[in-house]
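Enquirer: Here's a structure for you.
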Amino acid sequence: MNKLKKHKLILSRRLNQNEELKKIASIENKTLQNVLNAFKLAKTNTHKKEDIIAFNNCETYRDKLLIDATEITYEIFSLDETALVQDICRKAASKEKWCRFLYYMVKNTENPNILEIGTNLGISGSYMLEAMKGKNGKFITMEGLPQLCSISAAQFSTIVSPSNFEVVQGLYDDTFPKVIEKDITYDLIFIDGNHKKEPTRDYFNALKSKIKQSAIFVFDDIYWSDGMKETWEIIKKDSNVNFSMDMYEQGIVVIDKNESLPKKHFNLHLSY
Ligand SMILES: C[S@@+](CC[C@H](N)C(=O)[O-])C[C@H]1O[C@@H](n2cnc3c(N)ncnc32)[C@H](O)[C@@H]1O
């Protein structure tokens with residue numbers, strides 16, 4: 001999608017946003033309301049003291065990475081390439097507002113089990129773990145690059161006990177079949193790695209049966225390519241999906257096994 005089209009689309013969403021928010025607010029579904037509240041809280045600049053402390057911890061970590069000149073090698077992807085941590089962080093880590101959105105969804109979930117596909121340097125992971133502090137939950141995150149796994153795991157252990165998280169290292173073709181075998185069901189699944197049509201669709205299809213009574217799926221970069229756009233359309237239409245929200249940068253779906261309302265779709269805008 002060219003830039004002009006993108007901005008037109010986002011502008012029309014911003015103009016209709018209040019109406020969309022009212023429609024969502026009128027639906028009595030706990031998981032959908034969690035998404036709505038997290039969206040509203042992520043958009044505001046007023047946060048509780050404990051949340052500001054959590055955000056500052058994560059942004060201090062980001063700042064540290066942004067001046068880190070450690071070289072990372074891409075051998076695992078059969079690439080004869082290297083990149084500096086600071087450049088990887090600048091290009092791949094989720095932006096602050098999107099991280100806050102994840103944070104608030106996790107914070108409002110009792111004993112959350114979370115799966116993240118795409119650890120990178122653990123920026124989004126740090127936010128989710130900050131929100132998990134003091135709760136009984138498990139955060140499983142998957143990454144191919146071994147050096148990024150070590151950096152992230154070291155950071156995560158400054159936030160929660162090692163028993164609350166697991167960084168699964170390896171190519172998803174090898175690790176996903178093992179992760180799916182784990183005896184765990186999830187509240188939130190963040191798919192932020194391998195942004196391609198077939199893998200994204202396959203992860204969703206396999207993970208649909210690995211959720212608690214209800215769950216939130218967050219897909220990053222749904223407009224990244226024609227393939228991702230096609231996958232997002234397929235996911236939205238999936239018969240298990242109750243609610244979907246197109247936020248341009250991300251697509252959110254809620255599956256609630258107890259919900260009987262007909263499927264509903266919303267368009268929102270959180271941030272560029
Ligand atoms: C966009 S980054 C994740 C960013 C992270 N969630 C954050 O916001 O801080 C995606 C990560 O997925 C990893 N990745 C992509 N494809 C992969 C694959 N097929 N197997 C293993 N790791 C993969 C990349 O190495 C990269 O670090």
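Enquirer: Output the residue which, of all residues in segment 104-122 that are more than 8 Å from the ligand (Cβ to nearest atom) and within 21 Å of residue 60 (Cα to Cα), is surrounded by the fewest Cβ atoms within 10 Å (Cβ to Cβ).
Expert: Looking at the filtered set, the residue picked out is 104.
Enquirer: Then there is this: In this structure, is residue 32 more than 14 Å from the ligand (Cβ to nearest atom), buried (at least 18 other Cβ atoms within 10 Å of the Cβ) and more than 21 Å from residue 159 (Cα to Cα)?
Expert: yes
Enquirer: Now for a different question. Residue pairs, Cβ under 8 Å, 6 or more apart or interchain, first in segment 220-237 and farther than 19 Å from residue 6 by Cβ, second basic (Lys, Arg) and part of a helix (DSSP H, G or I). List them.
Expert: Cβ pairs passing all conditions: 234/201; 235/201.
Enquirer: Exactly one condition in (1) modelled with pLDDT of 95 or more; (2) over 14 Å from the mean Cα position of the chain (by Cα) is not met by residue 223; state its number.
Expert: Evaluating residue 223 over (1) modelled with pLDDT of 95 or more; (2) over 14 Å from the mean Cα position of the chain (by Cα) leaves (1) as the failure.
Enquirer: Do we find a residue being part of a helix (DSSP H, G or I) and over 27 Å from residue 6 (Cα atoms) anywhere in segment 207-217?
Expert: yes
Enquirer: When you go through 133, 138 one by one, which is the residue that is more than 15 Å from the ligand (Cβ to nearest atom), under 17 Å from residue 56 (Cα atoms) and basic (Lys, Arg)?
Expert: 133
Enquirer: Being modelled with pLDDT of 95 or more and within 12 Å of the ligand (Cβ to nearest atom) narrows it down to one of 204, 217, 190, so name that one.
Expert: When all the criteria are applied, what remains is 190.
Enquirer: Before we move on, is residue 182 surrounded by fewer than 18 Cβ atoms within 10 Å (Cβ to Cβ) and assigned to a helix (DSSP H, G or I)?
Expert: Taking the combined requirement at face value, the residue does not satisfy it.
Enquirer: Take residues that are in contact (Cβ under 8 Å) with a residue 24 or more places away in the chain and tell me which of the strands (runs of 3 or more DSSP E) falling wholly in segment 1-119 contain 1 or more.
Expert: In segment 1-119, 71-73, 113-117 are the strands (runs of 3 or more DSSP E) which contain 1 or more residues that are in contact (Cβ under 8 Å) with a residue 24 or more places away in the chain.
Enquirer: Within segment 123-166, which residues are part of a loop (DSSP other than H, G, I, E, B) and crowded, with 17+ Cβ neighbours inside 10 Å?
Expert: Within segment 123-166, 137, 144, 145, 159, 160 qualify.
The values are calculated or read from the model by the stated rules, or taken from the named source; none is laboratory data. Because the structure is a prediction, the values reported are computed rather than measured. Neighbour counts are summed over all protein chains in view; Cβ atoms, including those assigned to glycine, are modelled from backbone coordinates with ideal geometry.
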